[in-house]
Structure formats: structure tokens, C-alpha cells
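Notes follow once the structure below has been shown.
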Ligand SMILES: O=C(O)[C@H](O)CO
């Protein structure tokens with residue numbers, strides 16, 4: 001097998017192990033929801049997959065359901081559920097109409113009823129009933145995506161402008177109970193931040209939100225300034241929450257596959273969160289240090305890096321991480337570095353991530369591509385496309401951050 005074939009198998013095994021199916025079923029097995037009505041609301045990039053697993057187990061016991069997921073992430077009908085595909089990372093009209101359908105479904109429930117609430121990352125954009133105009137929200141989302149704010153900072157801001165985030169959806173469900181199953185795509189699994197915590201008491205405060213707005217110099221309208229002052233729910237009494245999967249699972253599955261392929265695996269971290277290009281360059285320095293090793297090694301780093309945009313190109317954090325490692329591994333013996341988003345979408349592209357090996361830098365140079373300039377332009381997609389370095393999986397059905405793997409084959 002070539003290094004690229006090893007990479008493909010590691011990506012596929014890791015993502016398969018991180019699918020939410022088993023975890024959702026485990027959280028639901030043996031669970032009774034009493035005599036009342038049971039309805040389902042699923043949101044996020046793994047929303048369809050989670051809803052499907054719940055339906056497989058509970059079938060017609062679920063009276064009705066609404067699933068709001070990203071475009072191209074729904075894989076067919078599920079019972080009588082309403083399935084809406086919507087905009088991500090910037091919410092669109094479908095995000096709003098799907099969320100309205102969910103609100104209509106839960107609004108009149110009684111205290112014997114239960115909302116089975118399935119939450120996954122991507123939910124902040126996909127599940128939204130804004131307290132500001134769609135244009136204001138889209139403008140704000142654009143600012144947040146470009147300013148380099150991390151996800152906790154972004155969601156601390158987003159909650160203030162939403163009728164469903166920061167625990168407010170659980171308030172709409174009351175007096176019905178909310179049984180929430182959460183697939184984490186944030187390092188450390190902060191339940192109030194994943195998808196902006198629609199059914200979890202909010203730990204962030206209005207003061208923190210104002211501080212973040214100042215830090216990133218966000219342009220806010222007077223209405224938005226006013227909303228920043230309002231507090232979100234700090235206590236909810238109708239919610240029970242179970243967390244299912246996270247990036248640790250993804251890393252462990254990648255390590256297991258590396259071992260099967262003959263590499264000695266080392267999980268370096270499951271909380272990688274620095275600038276993407278620094279992570280790539282750091283991983284390539286590990287390859288340099290170990291180049292004289294006498295057996296095959298694999299170094300695995302899970303988490304989610306960030307990209308501070310300096311150019312106007314096309315790419316994503318995983319593609320940028322991989323490309324940033326190309327110079328450091330250039331010319332070493334059989335070495336590869338790749339990074340993928342477990343959801344199958346990296347940035348606004350059709351790729352899940354990027355792959356480079358010890359020949360990539362030279363190949364691109366010969367084709368007239370200056371890797372450093374590409375990185376300055378944030379244009380990793382086009383460079384990787386030129387050298388066959390894009391990893392494409394399509395929408396995977398899960399969303400538990402990213403995994404980067406460095407392979408040294410001997
Ligand atoms: O939707 C979101 O807010 C992010 O994916 C984090 O969960």
C-alpha cells in the first residue's frame with residue numbers, strides 16, 4: 001500500500017468509528033419516556049444521522065420530528081419527519097424556517113411530554129431564530145468568521161442575538177421535558193457552547209460578550225448593542241443531557257488503524273487549537289526529529305485549529321495545516337502528513353482536508369506554485385488540487401472536530 005492509501009484507510013476507519021449511531025442508541029436503550037407525547041428535534045451536521053439512529057430504535061413511538069442539517073447532509077426520508085437542509089457556516093432562510101418548524105412542534109407540549117433533542121456541531125448556523133434581522137445576523141457571522149475568534153467566543157456572542165440559543169430553546173419546550181443527546185465538536189465538551197447550547201444553561205455572561213465584541217472590534221447596530229446587555233438562562237429544570245462522542249474517539253480510532261497498518265501510534269493531543277499553519281509546521285518538525293527511526297511511526301493530533309485570514313483564496317483549516325507541513329517534510333524518507341474534518345467539510349470547500357508527502361513541495365515548486373505565497377493567500381485548496389492532495393469524503397454523518405496524522409514509514 002502507498003502512503004496515500006494508508007492515509008485513506010486511516011481517515012475512513014477513524015470517521016466510521018466516530019459515527020454517532022452506536023452512541024445514540026446506547027443513550028436511548030432501556031429508556032422509557034412515559035405515557036406522554038414524544039417528539040424529536042435534531043440539529044447540526046450529524047443531525048440526520050442521529051435522527052436516523054433514534055428512529056431505528058424508537059420508530060413510531062416518536063410522534064413527529066424536525067431535522068435541520070447542512071446542505072447535502074440528509075440522506076433520505078426518516079418516517080414522517082420534516083427534514084430541512086440549511087446554510088452553514090452562514091445561516092440562511094432555511095435555517096430560520098427549519099427552526100420555526102421545530103418551535104411549532106414543541107411549543108404546545110405539556111408536562112408529560114418529551115422532546116428528544118439531538119445536538120451536533122454546526123447547529124449554531126443551522127438552528128436559528130434571530131432576534132435581529134437576517135441581514136444583521138449574516139453580517140455578524142461574516143465578521144465572527146473572519147476575525148479569528150475561537151468557537152467559544154463566537155458562540156458567546158451569537159447566543160445574545162438568538163431566540164433559541166443559550167438555553168432558550170429548552171424554555172420554549174417547557175413544561176415538556178427535554179432529553180438531550182449531544183455529539184461534541186468543541187474541545188473539552190462544553191455543553192453550553194456546542195451548537196450554542198439551545199438546551200443547556202448558559203455559563204457565559206453579557207459582560208463577557210461585550211468584552212469579546214470590543215476585543216474583535218465588531219461592528220454592531222444599536223439594537224445589537226442593546227441585546228448584548230440581556231442575560232441568557234442560567235438554570236433550566238426540564239433538561240437531561242447526555243454527551244455521546246468526541247474527538248478522543250476519533251484519535252483512538254486513527255491510532256488503532258495506524259497500528260493495524262504497521263505504524264507505532266502516538267496520540268500527541270486531542271486538544272490541538274493553535275493556528276493551522278503552525279500546527280502543520282510543528283508536525284513537520286516532529287518528522288525531521290524522527291527521520292532516523294528504524295520502524296514506522298504515526299503521530300496523531302486531534303482538535304480544531306484556527307485560521308486568521310490574510311488572503312482571499314479558497315481553503316480550510318485542515319488543508320492549510322497539511323500544506324503548511326509540506327516544506328518541513330520535503331525530501332525526507334517516506335513521510336506523509338494529512339488532516340481532515342470528521343464532518344467531511346473543510347472550510348467552504350468540497351474537500352474534507354488535505355494530504356501532503358515528502359514530494360509535494362517539490363512537485364508544486366516545479367509547477368510554479370510557491371507554497372508560502374499560497375499560505376499567505378489562504379489558497380490551500382487550489383494548490384492541493386493541483387497535486388492530488390485533496391481528501392474528499394463527502395458528508396460523513398458525524399462531527400467531532402478534526403484529526404491530523406503524520407506518518408513515517410520504514
Ligand atoms: O455549531 C457550532 O456552534 C459549532 O459547530 C460548535 O458546536
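The values are calculated or read from the model by the stated rules, or taken from the named source; none is laboratory data. Not measured: the values here are computed from a predicted model. No Cβ is skipped: glycine too gets one built from the backbone with ideal geometry, and neighbour counts run over all protein chains shown.
Worth a mention:
- Checked against (1) under 16 Å from the mean Cα position of the chain (by Cα); (2) in a helix (DSSP H, G or I), residue 190 passes all but a single condition, namely (2).
- Subset of region 102-139 (residues that are out of contact with any strand residue (DSSP E or B) (no Cβ under 7 Å at 6 or more places or on another chain) and within 15 Å of residue 82 (Cα to Cα)): 103, 104
- Residue identified as out of contact with any strand residue (DSSP E or B) (no Cβ under 9 Å at 6 or more places or on another chain) and surrounded by 19 or more Cβ atoms within 10 Å (Cβ to Cβ) among 372, 361, 338: 361
- Residue within region 150-163 that is assigned to a loop (DSSP other than H, G, I, E, B), under 14 Å from the mean Cα position of the chain (by Cα) and within 14 Å of the ligand (Cβ to nearest atom) present: yes
- Failed item in (1) farther than 25 Å from residue 174 by Cβ; (2) within 16 Å of the ligand (Cβ to nearest atom), with residue 96 passing the rest: (1)
- Remark: residue 30 falls outside the filter, which requires a residue to be under 16 Å from residue 178 (Cα atoms) and more than 15 Å from the ligand (Cβ to nearest atom).
- Filtering region 192-205 to residues that are free of Cβ contacts under 8 Å to residues at least 40 places away in the same chain and buried (at least 20 other Cβ atoms within 10 Å of the Cβ) leaves only 192.
- Here the condition is being crowded, with 24+ Cβ neighbours inside 10 Å and out of contact with any strand residue (DSSP E or B) (no Cβ under 6 Å at 6 or more places or on another chain); of 292, 343, it holds for 343 alone.
- Count of residues meeting criterion [under 23 Å from residue 186 (Cβ atoms) and at pLDDT below 95] in region 47-69: 0
- Output for region 310-322, where each listed residue is more than 15 Å from residue 403 (Cα to Cα) and modelled with pLDDT of 95 or more: 313, 314, 315
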